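> Below: one structure in structure tokens.
The values are calculated or read from the model by the stated rules, or taken from the named source; none is laboratory data. Bear in mind that the values here come from a model prediction, so they are computed numbers and not experimental data. With ideal geometry, Cβ positions are generated from the backbone for all residues, glycine too; neighbour counts draw on all protein chains shown. Note: areas computed on protein heavy atoms with side chains; ligands, DNA, RNA excluded. Shrake-Rupley method; radii C 1.70, N 1.55, O 1.52, S 1.80 Å.
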Amino acid sequence: MVSYNIAIVYDQDSWITSYVDILEEKLVILGHQVKKLYHFDKKNRYDFVFLLSYSEIVKKEFLQLNKHNLVVHESDLPKGKGWSPLTWQILEGKTQIPITLFEATEKVDNGEIYLQKNLMFDGFELIGELREVQGNITIELCLDFVCDYEKIVKKRRKQIGKGTYYSKRLPSDSNLDINKTIKEQFNLLRVVDNKKYPAYFEMENHKYILEIRKEY
């Protein structure tokens, strides 16, 4: 197998950190050189740069340094571009969500598509379980691209159709409606993060924080 020079770029303190560690380990075992970075490397060149849960939009002049800059995004592009696509689709009630590996460009979520798989859920997972599925399939996509690179790039395709966009989620999006039932708001409870953006409700000028945990 050809040995590639690979960088994995992700936000510091991101939920994906543990999955990046696993991906790095698997790539190293396969004989590749791997560097983990919190910021896009604007000086050195790589064969592949994986941008995983990375929030910075990188300029074309820096993307051109590398052979490929690859993003994993949880939607059927060009539908569902933008922020937190998995969360928004869980809120829409979806249990099967496409996850796409594509080439990064200056325009957000706009590059050619290399690979797609599906995230499958039963409708009762909380955020940790959702991320586990997301993280594991992200690893699979990255490894597939590296291991079958020559075949995969030949089958790349442009995005077809009109794009749709999700907005950035805010802590206020975890606000529960006290006039609705738990069942009606269960999907919202599934996607809240108990530490970073917990569920809450307000009543008579008082704010109450809720935690949700699944008992096994």
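> Quickly estimate the mean residue ellipticity at 222 nm for the chain, helices only: each DSSP H run with n ≥ 4 gives -39500 (n - 2.57), and the total goes over all residues, rounded to 500. Working shown, then result.
Details: 6 runs with 57 residues, N = 216.
Here the helix-only value at 222 nm equals -7500 deg cm²/dmol.
> May I ask for the angle, rounded to the nearest 10°, between helix 127-147 and the longest principal axis of the chain, with both axes built from Cα atoms and the value confined to 0 to 90°?
Long axis of 127-147 versus the principal axis of the chain: about 10 degrees.
> With viscosity set to 1.306 mPa s and temperature to 10 °C, compute the Stokes-Einstein D of the chain, Rh being the Kirkwood radius across alpha carbon pairs; µm²/s, no decimals. Show your work: numbers first, answer last.
Numbers: Rh = 18.6 Å.
Estimated via Stokes-Einstein, D reaches 86 µm²/s.
> Using a cut-off of 14 Å between beta-carbons, work out the net charge of the residues near Val146 (Lys and Arg +1, Asp and Glu -1, Val146 not included). Mind dumping the intermediate values first?
Values: positive: Lys26, Lys67, Lys151; negative: Glu24, Glu25, Asp47, Glu140, Asp144, Asp148, Glu150.
Once all neighbours under 14 Å are counted, the net charge is -4.
> Another question, if that's okay. Could you give the accessible area per residue of segment 94-148, probe 1.4 Å, as a whole number in Å²?
Working: 2240 Å² over 55 residues.
Spelled out: the 1.4 Å probe surface of segment 94-148, per residue, equals 41 Å².
> Another question about this same structure. Would you mind classifying segment 4-63 by shape? Square roots of the alpha carbon gyration tensor eigenvalues, ordered a ≥ b ≥ c; an a/c under 1.5 is rounded, otherwise it is prolate if a/b is larger than b/c and oblate if not.
Oblate shape, in that a/c is at least 1.5 and b/c is the bigger or equal ratio.
> Roughly to the nearest percent, how much of the accessible area of segment 122-216 is carbon and sulfur, given a 1.4 Å probe?
Working: 3510 of 6740 Å².
Carbon-and-sulfur percentage of accessible area, whole number: 52.
> Can you work out the FRET efficiency for the pair Asp11 and Met203, with r the C-beta to C-beta distance and R0 = 45 Å, to the nearest 0.05? Can you show the working numbers first?
Values: r = 35 Å, r/R0 = 0.77.
My answer for the efficiency is 0.85.
> Largest first, how would Met120, Met1, Met203 line up by accessible area (1.4 Å probe)? It would help to have the intermediate numbers written out before the result.
Numbers: Met120 110, Met1 145, Met203 90 Å².
I get Met1, Met120, Met203, largest accessible area first.
> What's the extension gain from Gln116 to Arg156 if we count 0.36 nm per residue and subtract their Cα-Cα distance?
On the way: separation 40, 0.36 × 40 = 14.40 nm, distance 1.07 nm.
Fully extending the segment from Gln116 to Arg156 adds 13.3 nm.
> Highest mean first, how do 104-112, 37-45 rank when packing is the count of other Cβ atoms within 10 Å averaged over residues? Let's see the in-between values first.
On the way: 104-112: 17.0, 37-45: 12.9.
Result, highest mean Cβ count within 10 Å first: 104-112, 37-45.
> Can you tell me which of 95-103, 51-59, 204-212 comes out highest on packing, and rank the rest after it, using the mean Cβ neighbours within 10 Å? List each step's numbers first, then the result.
Working: 95-103: 18.9, 51-59: 16.6, 204-212: 9.3.
Sorting 95-103, 51-59, 204-212 by mean packing, highest first, produces 95-103, 51-59, 204-212.
> Among 60-69, 15-24, how do they line up from the highest to the lowest mean number of other beta-carbon atoms within 10 Å? Mind dumping the intermediate values first?
Numbers: 60-69: 15.6, 15-24: 17.4.
Highest to lowest by the protection proxy: 15-24, 60-69.
> Provide the gained length on full extension for the span Lys183 to Asp144, in nm with one decimal, where the gain is 0.36 nm per separating residue minus the Cα-Cα distance. All intermediate terms of the calculation are to be shown ahead of the outcome.
Values: separation 39, 0.36 × 39 = 14.04 nm, distance 3.86 nm.
Full-extension gain reported as 10.2 nm.
> Which whole-Hz couplings ³J(HN,Hα) result when phi for each residue of segment 47-61 is put into the Karplus expression 6.51 cos²θ - 1.76 cosθ + 1.60, θ = phi - 60°, listed in order with x for Gly and Pro?
5, 10, 10, 9, 9, 10, 6, 10, 8, 6, 8, 9, 5, 4, 4
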